[in-house]
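Trainee: Below are the structure tokens for one structure; questions will follow.
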Amino acid sequence: MSGDAMYLRPSEAAQRVGASAKALRLYEQRGLVKPVRTAAGWRAYGPQELKRAAEIVALRAMGLSLASIGRALNGEAGELERALAAHQAALERQSGQIAAATARVRQLLADLAQGRVAGVGDICRLVQPKTEVRAAFALPWPWGGEWFELRDVRAINYIVGPLGSGKTRFARCIADALPRTRFIGLERAADDGAAARRRIEDDPRLKARVDETLAWLIDDGALQSAALLTLLAELEAGDASTLVVDMVEQGLDQATQEALIAHLRRRSGVGPVLFLMTRSSSVLDLTAVSADEGIILCPANHRPPTRVVPHPGSPGYEAVATCLAPPDVRARTEGVIAWRPEVA
């Protein structure tokens with residue numbers, strides 16, 4: 001390989017194209033991009049590889065599955081047409097939201113011109129995230145009744161913590177405190193998906209939504225299973241404004257987890273607000289958290305849950321990172337709780 005200065009390491013290439021190194025590895029595994037190798041055998045990305053990676057990232061942002069991206073890159077116009085139509089619809093939704101906010105600003109300015117002073121709260125609401133929801137409640141055991149206020153709710157919110165930290169109780173408190181919210185527990189697939197299948201078959205509109213989502217997920221590498229079907233039946237029901245999901249990765253292999261979170265991200269802001277309990281690094285990739293996502297940590301020492309910024313060195317970041325592991329590692333440590341010696 002000549003001209004080494006023109007080639008970037010995977011971490012540098014990921015930063016250049018706006019993806020994570022993990023995402024680049026996935027694209028490589030699916031045959032979408034092929035980095036060159038150095039004399040020592042390390043992966044490297046030159047101008048052509050960077051161009052292809054940037055195209056993949058752009059198509060991914062438009063909602064295409066990895067299989068669809070492969071077909072689009074091979075020149076199949078149908079995939080691009082569907083992607084552009086979906087992107088147009090998303091832009092039109094954003095345009096409507098911007099138009100409404102602009103109209104509100106215009107009205108506030110008109111009021112000011114006529115001597116009617118706008119309240120600070122009215123102005124602040126213009127810049128608050130659309131998905132922000134607030135709820136306050138007393139934290140149950142093991143916190144001992146401490147008061148907690150939930151702020152700055154994002155489109156996707158991850159609840160993370162070690163076993164025994166109380167995150168399930170905390171998640172149930174959120175479900176009870178927020179309006180039109182449903183808690184989706186681990187019993188969702190207890191009957192091997194029979195109840196979910198009946199529910200889907202009895203509701204043609206739900207079936208159409210589930211079938212469409214399932215097709216996208218399978219196209220993206222997911223494996224169809226009872227666990228996935230029961231989860232989709234809940235996610236696509238459309239009868240709640242917020243969903244709280246206990247251990248979203250339960251029963252799903254790594255490829256399915258990665259496809260599922262990619263799907264949830266592409267529909268971010270369209271469906272219900274999500275609170276996802278997880279201990280899987282395939283669901284919560286700390287290098288790929290967007291502005292529409294937030295992390296809540298339930299600490300092992302039973303301090304109140306806290307927001308964590310997904311940047312190395314920030315408070316709580318290392319604690320979150322130690323809670324996460326790939327599915328194969330998680331399977332080997334299922335049910336293991338870290339022992340902490342008593343302090344005299």
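Trainee: When all protein chains stay in place, what accessible area (Å², nearest 10, 1.4 Å probe) is found for residue 183?
Mentor: Answer for residue 183: close to 40 Å² accessible.
Trainee: Please enumerate, by chain and number, the aspartates and glutamates with C-alpha under 14 Å from the C-alpha of residue 22, excluding those fewer than 8 residues away in the same chain.
Mentor: 12, 258, 285
Trainee: Given +1 on the Cβ of Lys and Arg, -1 on the Cβ of Asp and Glu, and no further charges, what dipole in debye does the chain carry about its Cα centre, rounded to the nearest 20? Show your work: numbers first, answer last.
Mentor: On the way: 43 positive and 40 negative charges, 134 e Å.
Rounded to the nearest 20 debye, it is 640 debye.
Trainee: Taking the full set of protein chains and a 1.4 angstrom probe, give the accessible area of residue 207 in square angstrom, rounded to the nearest 10.
Mentor: Residue 207 has an accessible surface of roughly 70 Å² with all protein chains in place.
Trainee: Taking the highest mean first, how do the peptides 95-106, 24-35, 188-199 order by number of other beta carbon atoms within 10 angstrom per residue?
Mentor: Numbers: 95-106: 11.0, 24-35: 17.8, 188-199: 16.2.
Order by mean packing, descending: 24-35, 188-199, 95-106.
Trainee: Also: Ranking request for peptides 305-315, 151-161: highest mean number of other beta-carbon atoms within 10 Å first, then the rest in descending order.
Mentor: Details: 305-315: 14.4, 151-161: 22.0.
Descending packing order for the listed peptides: 151-161, 305-315.
Trainee: Work out which helices of the chain, taken as complete DSSP H runs, extend at least 24 Å along their axis over the Cα atoms and score a mean Kyte-Doolittle of -1.0 or more, then list them.
Mentor: Values: long enough: 77-113 (52 Å, 0.04).
Flagged H segments are 77-113.
Trainee: Still on this structure, please answer the following. If you take every DSSP beta bridge fully contained in the chain, what fraction is antiparallel? Give it as a percent rounded to 5.
Mentor: On the way: 10 of 28 bridges.
Counting DSSP beta bridges with both partners in the chain, the antiparallel share is about 35 percent.
Trainee: Now, a different point. Might you tell me the accessible area per residue for the chain, computed with a 1.4 Å probe and given in Å²? Kindly include the intermediate steps, with their values, before the conclusion.
Mentor: On the way: 18620 Å² over 344 residues.
That works out to 54 Å² for each residue.
Trainee: Moving on to the next point. Quick one: grab the alpha carbon gyration tensor of region 144-209, order the square roots of its eigenvalues as a ≥ b ≥ c, and give me rounded if a/c is under 1.5, else prolate or oblate depending on whether a/b is larger than b/c. Mind showing how you got there, number by number?
Mentor: On the way: a/c = 2.80, a/b = 1.84, b/c = 1.52.
It comes out prolate by the Cα gyration axes.
Trainee: For the chain, which whole percent of the accessible surface, found with a 1.4 angstrom probe, sits on carbon and sulfur atoms? Could the numbers behind the result be given before it?
Mentor: On the way: 10310 of 18620 Å².
Result for the chain: 55 percent of the exposed heavy-atom area is carbon or sulfur.
Trainee: Another question, then. Which label marks the calculated value of semi-axes √(5λ) of the Cα gyration tensor in Å, given the options (i) 36, 22, 20; (ii) 33, 29, 24; (iii) 42, 28, 18?
Mentor: (ii)
The values are calculated or read from the model by the stated rules, or taken from the named source; none is laboratory data. None of the values given here were measured: they were computed from a predicted structure. Cβ: placed from backbone, ideal geometry, glycine included. Neighbour counts: every protein chain shown. The protein model used for the area step is the full one, side chains on, heavy atoms only, and it has no ligands, DNA or RNA in it. Shrake-Rupley method; radii C 1.70, N 1.55, O 1.52, S 1.80 Å.
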